[in-house]
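Chemist: Mind looking over this structure? Questions follow.
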Amino acid sequence: MRPALRVVVAGIVYDESLEFGGDHRAHGGAAPRRENLGLPDDVLIELDRQVPSSHETSPELCSTVCHVHPQRTLGMTAPERGVWRHGRASDGWGGEDSVSVQSGSIRGVAATIATAGVLLYAWWATGLRPFTGGANVAVVGAGVVAMVIGRAAPVTTTPSSPPVGARAAGWMGLFAELVAYFQHPRYEHPTVSSLVNSALDSHIARWVAFAAWLVAAAGLARR
Amino acid sequence: MSRAVTLVGYAVLAGALAIHEVAARTARRRGRLPRPMTLGELLAAAKRTRITWWALLAAWLWLGWHVFARA
């Protein structure tokens, strides 16, 4: 017997959660079809329609499509759940609640073209001679463009507690880096930079790393 | 010898970060509270204030310039 599936859709405005079981819609209406989702730990929620005013008053709409893991969602604090504002549950079997095939394929083609463009540009940029103006402009300019693009993306997560361990490791890493930096020869006292330079010696390695850096730049600029 | 010690030090720090990340993700999956932040959540926290967000962007640009244009 499968466990009952429960999904939480939370609102940011009031910091309240709306829980519903099975494939009930977010606004509490009748399910479109089937009595059970049949998926024990994963459900597709398309956040593209405003929930009636009994739950929300903000007219803002969200078009993000998220995979929601119920166990994880139920264990979250309200702020963690608060990334969803309006929603409806998809039964995962097509029909009116599924993402249209046409818009999905357009997005797929656009993503493919964008990926190819980034990879081509990264190959060209990492082939430029270092310590030249062209290399400076190609790298920093692309980083800025990636950040501008990433800036347009929607808000994603909200954290909950202080990162003590990560902070300590960061300070220790900085200390180790400084100790190595002020000692010579460099081979005996490698810095992170010198290790990275060695690792990225080949054009292919620099190409992949530069493309990843661009993608991360866009992600970092997202708010 | 110094090189080996330095590399071991970096490896220990990288391992500590990896363990921290795994522990944070495990705690999040199991719904434990309070729990440590994942690195992604740490970044998200840093991005919440405008000044740290700009500092992050500047640092990331500098890193790319340092690694890809000056090496």
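Chemist: Find all pairs meeting these conditions: Cβ atoms under 8 angstrom apart; at least six residues apart or on different chains; first residue within the range B:54-69 and in contact (Cβ under 8 Å) with a residue 12 or more places away in the chain; second residue surrounded by 15 or more Cβ atoms within 10 Å (Cβ to Cβ).
Modeler: Note: pairs meeting the criteria are B:Leu56/A:Leu220; B:Leu56/B:Leu43; B:Leu56/B:Ala46; B:Leu56/B:Lys47.
Chemist: Keeping to the range B:24-54, report how many residues are touching a helix residue (DSSP H, G or I) at 6+ places or on another chain (Cβ under 8 Å) and either part of a helix (DSSP H, G or I) or of a type in the set (S, T, N, Q) (or both).
Modeler: Residues of the range B:24-54 touching a helix residue (DSSP H, G or I) at 6+ places or on another chain (Cβ under 8 Å): B:24, B:28-29, B:31, B:35-39, B:41-43, B:46-47, B:52-53.
Within this subset, residues satisfying the condition of being either part of a helix (DSSP H, G or I) or of a type in the set (S, T, N, Q) (or both) are B:24, B:28-29, B:38-39, B:41-43, B:46, B:52-53.
Total meeting the criteria: 11.
Chemist: Turning to a different aspect of this structure: Could you tell me whether B:Ala27 is among the hydrophobic types (A, V, I, L, M, F, W, C) and farther than 30 Å from A:Pro130 by Cα? Steps first, answer last, please.
Modeler: On the way: among the hydrophobic types (A, V, I, L, M, F, W, C): yes; farther than 30 Å from A:Pro130 by Cα: yes.
It is true that B:Ala27 is among the hydrophobic types (A, V, I, L, M, F, W, C) and farther than 30 Å from A:Pro130 by Cα.
Chemist: Here are A:Gly134, A:Gly95: which of them is surrounded by fewer than 16 Cβ atoms within 10 Å (Cβ to Cβ), at pLDDT below 85 and not hydroxyl-bearing (Ser, Thr, Tyr)?
Modeler: Answer to the check: A:Gly95.
Chemist: Considering each of A:Ala212, A:Ala152 in turn, give the residue that is at pLDDT 90 or above and surrounded by fewer than 17 Cβ atoms within 10 Å (Cβ to Cβ).
Modeler: After ruling out the rest, the residue left standing is A:Ala212.
Chemist: Yes or no: the range A:184-191 includes at least one residue that is in a helix (DSSP H, G or I) and either within 9 Å of another protein chain (Cβ to nearest Cβ) or out of contact with any Cys (no Cβ under 9 Å at 6 or more places or on another chain) (or both).
Modeler: Checked against the condition, which is being in a helix (DSSP H, G or I) and either within 9 Å of another protein chain (Cβ to nearest Cβ) or out of contact with any Cys (no Cβ under 9 Å at 6 or more places or on another chain) (or both), the range A:184-191 yields no hits at all.
Conditions tested, residue by residue: (1) surrounded by fewer than 16 Cβ atoms within 10 Å (Cβ to Cβ); (2) within 7 Å of another protein chain (Cβ to nearest Cβ); (3) closer than 23 Å to A:Gly143 by Cβ; (4) not aromatic (Phe, Trp, Tyr).
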{"position": "B:Ser2", "(1), (2), (3), (4)": "yes, yes, no, yes"}
{"position": "B:Ala24", "(1), (2), (3), (4)": "no, no, no, yes"}
{"position": "B:Leu42", "(1), (2), (3), (4)": "no, yes, yes, yes"}
{"position": "B:Ala58", "(1), (2), (3), (4)": "yes, no, yes, yes"}
{"position": "B:Trp65", "(1), (2), (3), (4)": "no, yes, yes, no"}
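The values are calculated or read from the model by the stated rules, or taken from the named source; none is laboratory data. These numbers were taken from a predicted model, which means no experiment stands behind them. All Cβ positions, glycine included, derive from the backbone under ideal geometry; neighbour counts span all protein chains shown.
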